[in-house]
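> Here you go, one structure.
Every number in this text was worked out from the coordinates using simple rules, so none of it is lab data. Please read all numbers here as calculations on a predicted model, not as lab measurements. Using ideal geometry, Cβ is built from the backbone for each residue, glycine included, and neighbour counts are taken over all protein chains shown.
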Amino acid sequence: AVAKTAAAAGVRACERSLATKPIDLDPSGLFKDKGLSERYDKFRPKLPTVLVETIVNKLMGGRRPGLWLDVGCGPGNSTQQIIGYADKIVGVDISETQIEVARQKVIHPSISFTTGGCDSLPAEDASVDVITAVQAAHYFDLPAFFSEVRRVLKPGGVLALILFKSPKCTSCPILGAAHRELDTVLMGYGTTALHRYYIPNYTTITLPWEEESPVTTESHVGRHVIEHEMEVRWTMEETLNYLLSYSMTTQACEERGMTMAEWREWMREFYRERGVEGEGEETWVHTALMAAVVRPN
């Protein structure tokens, strides 16, 4: 009964927080805690190689990128997946903490990391072949970002926004249902922009050039949407660790005056109250979605 009351209170708290959440929340403040950056690095899914290869082999027509910008790179999870596919790769993030973790973890002669915002990309005019933003675009000032994309992306270059949908448990219906309910609670602590862009799977974002030239097989111009599923096996402990890597978790703890350890136990009790008792491995499916556009020549 106590856990059910806490869960209901959590939902009510989310509703109150949504009413006051600013649209333009400064994303640099979300990852000041190095622990969150390290959890993000350890427990978040990696950028699938198939999407990287789709960008290079299909959208770029097999041309090797000279310069690839990974904007909102976080601790370098996505950036390291690009190694070998471009001559020079630059990871950019507004959070100094994220960049610190990335520099310590990803060391390769083709990669560099720099602190910066999406509104001031570190590149000359018409000098970039590929720009990716993995699980990041919903934090951006999109008009400012797209203005910079138009400035730095070469004709024939690719812009790709990639997100990971909330994972689904496919092996245990009870856990799957409980997770969907908990995910709704957690999403309540997200920014208004997260609700505007991420939850609708970026369908509410109009990419540069996608309306200027309809998609054609010959020119690869227009909006391309590609999805890729990845299967993982998680214990309950690993499931909780993944949820603790959400930026919304930090927001929830701040708003409810809880430590991470207390929030972890609250989530565990949330599952228990819904009949999830086991600690063994279950099967989860992550879906990566890519919305991409090629700049017309």
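> Sorting check: for 229-236, 126-133, 195-202, which peptide has the highest mean count of neighbouring beta carbons within 10 Å, and how do the rest follow?
In decreasing order of mean packing, 229-236, 126-133, 195-202 become 126-133, 195-202, 229-236.
> Taking the Cα-to-Cβ direction at Ser171 and at Glu277 and moving 7 Å from each Cα, how far apart do the two end points lie in nm?
Inter-label distance under the simple model: 1.9 nm.
> Note down the Stokes-Einstein diffusion coefficient of segment 108-167 in µm²/s, whole number, using a Kirkwood radius over alpha carbon pairs, 25 °C, and 0.890 mPa s.
Result for D is 195 µm²/s.
> Rounded to two decimals, what ratio of Rg to Rh does segment 84-123 give with C-alpha atoms and a Kirkwood Rh?
Rounded to two decimals, Rg over Rh is 0.97.
> A 21 angstrom limit on the alpha carbon distance is what I want to check against. Which of Lys46/Lys154; Lys42/Lys88; Lys42/Lys165; Lys88/Lys165; Lys42/Lys105 exceed it?
Beyond 21 Å: Lys46/Lys154; Lys42/Lys88; Lys88/Lys165.
> Packing-wise, with mean Cβ within 10 Å as the measure, how do 272-283, 109-120 rank, highest first?
Most protected by this proxy first, the peptides run 109-120, 272-283.
> Quick one: plug the Kirkwood hydrodynamic radius of segment 139-297 (C-alpha pairs) into Stokes-Einstein at 4 °C, 1.567 mPa s, and report D in µm²/s.
Estimated diffusion coefficient is 72 µm²/s.
> Working from Cα positions, state the angle (0 to 90°, nearest 10) between the long axis of helix 96-105 and the longest principal axis of the chain.
The angle comes out near 80 degrees.
> Moving to a separate point now. Hey, with R₀ at 35 Å, roughly what FRET efficiency would Arg233 and Asp125 work out to, going by the Cβ-Cβ distance, to 0.05?
Numbers: r = 47 Å, r/R0 = 1.34.
After rounding, the FRET efficiency stands at 0.15.
> If I model the chain as equal point scatterers sitting on the Cα atoms and use the Debye formula, what is log10 I(q)/I(0) at q = 0.12, 0.17 Å⁻¹?
Evaluating at q = 0.12, 0.17 Å⁻¹ gives log10 I(q)/I(0) of -0.79, -1.44.
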